[in-house]
Amino acid sequence: MDKDKEKVENDMQHPAPSIDTLEGGLSFKRAREKRGITRTEAAELSKDVSASYIFRIEEGSRKPSLSVVQKLADIYEVSTETLLGLAVAEDRCEERKGSLCVGYPSAERTYTYREYLELPGRWELIKGIPYKMRSPDMLHQRLTARICVAIGSYISAHLGNNKQEVFTAPYEVRLSKTGDLKHIDTVVQPDLSVVFYERFDEKVPRPPHLVVEVLSLDTVFKDRTTKLELYRKSGVHEYWIADPLNKTIDVYNFQAEGQEEKKFVSKEGILQSSYLADFKFPIHNFFD
């Protein structure tokens, strides 16, 4: 194996096979076969991922890094979500309940909030499009818990008990174009939602003031693009994207005067919030 190929494969995570990696491997295999190429041909096109490694991804014994997922998605001419088994597909429907495909809703239409409630398992609904959610790993959960403790401690020390709430997933944030339950077309489950409503009413669809998403392999694209745009337009004041692998946090301030602010905080930096006044936290405490 040459040095470049060895470097790419050493950058990949090697967890034990699980239901998620086995199901995900089938999505990789389907995409490759639909493209009509062999593993050897895919490896040659990638230039730095071996055929044997592609085989291990497909059989579910290896979980690739985001860079490898993106590289193979480009080769197979599909989206990263399709490759990760998160995109819905009509031809995968084996059981129906009325017009609803149980397990994998159709990719050909949008869904109502009522239909979303009938989907089995965990899903998010963004502008009527369902996105399947998988169970997070230990690294993700550890970082989420540490950020939750830091924000909760700040609220207790500086803001008191004045309807300040911190919610963790799978708490649903429901959004509606008209602000009522009848027209909900978006339901997301942020890793952390911080709400400062004097009279918080769960029945009224409205966005949190601060949202935190912790990246996972199967959510990084959605968190950095789809949800970034969603939170920007829905009225969220501040959005944090925490990366447990690179040990960084991006802070987006959507309420800044003039152009929105984005701050990149590395492991040695201090996390500050424009929305949480005087909140300062060394982020190495989240990752060490």
Of the residues ARG56, ARG114, only one is modelled with pLDDT of 80 or more and closer than 29 Å to HIS183 by Cα; which? ARG114
Every pair of residues 6+ apart whose Cβ atoms lie under 8 Å, when the first sits in the range 107-126 and is on the phi > 0 side of the Ramachandran plot while the second is part of a loop (DSSP other than H, G, I, E, B) and aliphatic (A, V, I, L, M): GLY121/MET133
If we keep just the residues of the range 57-70 that are surrounded by 20 or more Cβ atoms within 10 Å (Cβ to Cβ) and of a type in the set (D, E, K, R), which is nearest to ASN246 (Cα to Cα)? LYS63
Looking at (1) aromatic (Phe, Trp, Tyr); (2) open to solvent by 20 Å² or more (accessible area, probe 1.4 Å); (3) out of contact with any Pro (no Cβ under 8 Å at 6 or more places or on another chain), find the lone condition where PHE287 falls short. (3)
Which pairs do you get when a residue that is over 24 Å from GLU213 (Cβ atoms), found in the range 179-200, comes within reach of a residue that is at pLDDT below 90 and open to solvent by 10 Å² or more (accessible area, probe 1.4 Å), reach meaning Cβ atoms under 6 angstrom, with the pair 6+ apart or on two chains? HIS183/SER176; HIS183/LYS177; GLU198/LYS163
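Determine whether LEU83 is out of contact with any Gly (no Cβ under 9 Å at 6 or more places or on another chain) and either at pLDDT below 80 or open to solvent by 70 Å² or more (accessible area, probe 1.4 Å) (or both).
Details: out of contact with any Gly (no Cβ under 9 Å at 6 or more places or on another chain): no; either at pLDDT below 80 or open to solvent by 70 Å² or more (accessible area, probe 1.4 Å) (or both): yes.
No, not satisfied.
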Quick one: in the range 26-47, which of the residues that are crowded, with 17+ Cβ neighbours inside 10 Å and closer than 16 Å to SER67 by Cα is modelled with the lowest pLDDT? PHE28
Across the range 225-264, which residue is nearest to GLN189 (Cα to Cα) among those that are of a type in the set (D, E, K, R), touching a strand residue (DSSP E or B) at 6+ places or on another chain (Cβ under 8 Å) and loosely packed, with under 15 Cβ neighbours inside 10 Å? ARG232
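The values are calculated or read from the model by the stated rules, or taken from the named source; none is laboratory data. None of these values were measured; they are calculated from a predicted model. Reconstructed Cβ throughout: ideal geometry from the backbone, glycine too, with neighbour counts over all protein chains shown. Quick note on the areas: whole protein, heavy atoms, side chains included, nothing else; ligands and nucleic acids left out. Shrake-Rupley method; radii C 1.70, N 1.55, O 1.52, S 1.80 Å.
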